[in-house]
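The values are calculated or read from the model by the stated rules, or taken from the named source; none is laboratory data. All figures in this text were calculated on a predicted structure; none of them were measured in a lab. Cβ sites come from the backbone with ideal geometry, for glycine too, and all protein chains shown count toward neighbours. Each accessible area value is taken on the protein alone, full model and side chains, heavy atoms only, with ligands, DNA and RNA left out. Shrake-Rupley method; radii C 1.70, N 1.55, O 1.52, S 1.80 Å.
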Amino acid sequence: ITITAYDKIAVYASPIPTLSATISGFEDGESLATSDITGSPDCTTTATASSPVEDYPITCTVGTLESEDYTFETLTPGTLTITQTSSVVNVDCPASVTYNGSAQTPCTASVTGVGGLNQSLGINYTNNINAGIAQSRASYAGYTNHTGSSDSQDFEIAKADATCTINGYSGVYDAT
């Protein structure tokens, strides 16, 4: 009888799925349901929920399998593939700032994700000097364990109040 570990997929920083195997090689049209096999194989992997993205072998042993008619000789490993998890970029801006003649950069951005991802990001701005609607955008390219993501937010640059100063004038009337 051959015990073959099922291949499995897990997402980074998620619980490892239940590992299991198929049992094959029966004679005379028998199946697992009609054979005298009892028990189950034991399947394990070295991967944990905090293991980085890559492939890990799944190995099975006979475990508690027993049979009077069959022997368990072939153990075929499987593969646990840990895939990337998502990241979340958040751009936070005030609703409005006041025009001051300089480029306005009032926003903050960060990226977070399971497994401890938490860092600040740089922001790209457009239309952020003159009064009107300005845009901000931040992106995270992704890394070994996390996929990339991005976010954007608009904010208003409000017109500034004008300051006018009237200076007095005095002089002698000269008809001009």
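Taking first residues from region 147-176 that are under 15 Å from P94 (Cα atoms) and partners that are among the aromatic types (F, W, Y) and loosely packed, with under 10 Cβ neighbours inside 10 Å, no Cβ contact under 9 Å between residues at least 6 apart in sequence or on separate chains turns up. Of the residues making up region 78-86, one or more are small (G, A, S), open to solvent by 40 Å² or more (accessible area, probe 1.4 Å) and at pLDDT 95 or above.
Against the criterion of being among the aliphatic types (A, V, I, L, M) and farther than 20 Å from A13 by Cα, V97 qualifies.
The criterion of at least 1 residues that are charged (D, E, K, R) is met by the following strands (runs of 3 or more DSSP E) wholly inside region 1-72: 8-11, 42-45, 54-61. Among the residues of region 51-65, some residue qualifies, meaning at least one is open to solvent by 30 Å² or more (accessible area, probe 1.4 Å) and among the small types (G, A, S).
The number of residues in region 111-135 that are assigned to a strand (DSSP E or B) and either open to solvent by 40 Å² or more (accessible area, probe 1.4 Å) or over 30 Å from V11 (Cβ atoms) (or both) comes to 11. Within the set of pairs 6 or more residues apart or between chains, which connect a residue that is touching a residue at least 24 places away in the same chain (Cβ under 8 Å) and over 12 Å from D151 (Cα atoms) inside region 119-131 to a residue that is open to solvent by 50 Å² or more (accessible area, probe 1.4 Å) and of a type in the set (A, V, I, L, M, F, W, C) with Cβ atoms less than 6 Å apart? So the pair list comes out as N128/A103; I129/A103. Taken across region 34-42, residues that are open to solvent by less than 30 Å² (accessible area, probe 1.4 Å), small (G, A, S) and under 37 Å from the mean Cα position of the chain (by Cα) do not occur at all. Among the residues of region 87-102, those identified as open to solvent by less than 80 Å² (accessible area, probe 1.4 Å) and assigned to a loop (DSSP other than H, G, I, E, B) are S87, C93, P94, G101, S102.
Check A21, A13 and return the single one that is surrounded by 16 or more Cβ atoms within 10 Å (Cβ to Cβ), over 30 Å from S139 (Cα atoms) and in contact (Cβ under 8 Å) with a residue 12 or more places away in the chain. Explain how you work it out, then say what you get.
Numbers: A13 fails: over 30 Å from S139 (Cα atoms).
Answer to the selection: A21.
Looking at S149, is it at pLDDT 95 or above, open to solvent by 60 Å² or more (accessible area, probe 1.4 Å) and either closer than 30 Å to D42 by Cβ or among the hydroxyl-bearing types (S, T, Y) (or both)? Considered against the rule, which asks whether it is at pLDDT 95 or above, open to solvent by 60 Å² or more (accessible area, probe 1.4 Å) and either closer than 30 Å to D42 by Cβ or among the hydroxyl-bearing types (S, T, Y) (or both), S149 comes out as no.
Just to be sure before I move on: is S136 of a type in the set (S, T, N, Q) and in contact with a Phe, Trp or Tyr (Cβ under 7 Å, 6 or more places away or on another chain) in the structure I sent? I'd like the intermediate steps shown before the answer.
On the way: of a type in the set (S, T, N, Q): yes; in contact with a Phe, Trp or Tyr (Cβ under 7 Å, 6 or more places away or on another chain): yes.
Spelling it out, S136 is indeed of a type in the set (S, T, N, Q) and in contact with a Phe, Trp or Tyr (Cβ under 7 Å, 6 or more places away or on another chain).
Output the qualifying pairs, or none if there are none: Cβ atoms under 6 angstrom, residues six or more apart or on different chains, first residue in region 82-100 and closer than 30 Å to I16 by Cα, second residue outside any strand (DSSP E or B) and open to solvent by less than 20 Å² (accessible area, probe 1.4 Å). That search, which allows pairs on different chains as well, returns I82/S51.
Only one of the numbered conditions (1) over 29 Å from Y12 (Cβ atoms); (2) of a type in the set (A, V, I, L, M); (3) open to solvent by 60 Å² or more (accessible area, probe 1.4 Å); (4) at pLDDT 95 or above is violated by V172, and that is (4).
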